Amino acid sequence: MNIMLAVNGVCRFLSPPLFRWMACRHSSSKLFVGGLSYDTNEPVLKEVFEQHGELIEVKVICDHKSGRSKGYGFVHFISEDSASKALAEMDGQVLDGRNIRIQYANKK
């Protein structure tokens, strides 16, 4: 039997007998990044956003057939505070010659 505890938007599962904590992050720690240059790749996006906090995942969405970027991606931070800081500081900034747009990613 698992016990779930939610604190400040973070779900934690206590799993007997190991009593191991596993975190599932609230969507407000994940950002949508639009307006990317087709030349912007994941290492570039990671380098820019990791200045604002520790990252879980960086993903540039690409076309399956051509492999070319679709011009948007996602940056998932460990903390909501880091995501909030990145959104405030990076929205509208120039990256690879394009003004990027940032907003919180939608819940699925």
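What follows draws every value from the coordinates through simple rules; no lab data is involved. From a predicted model like this one, the values you see are computed outputs, not experimental measurements. For neighbour counting, all protein chains shown are included, and Cβ atoms are generated from backbone atoms with ideal geometry for every residue, glycine included.
Laid out as a table, the results:
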quantity	calculated
Amide H contacts under 5 Å for V33, placed H, 5+ residues apart	G73, F74, V75
Inter-site label distance for N41 and E89 at 7 Å from Cα along Cβ, in nm	2.5 nm
Radius 15 Å from Cβ of L36, net charge of other residues (Lys, Arg +1; Asp, Glu -1)	0
For segment 24-108, projected area of the alpha-carbon convex hull averaged over all directions, nm²	5.3 nm²
Order of K85, K30 under a 10 Å beta carbon neighbour criterion, fewest first	K85, K30
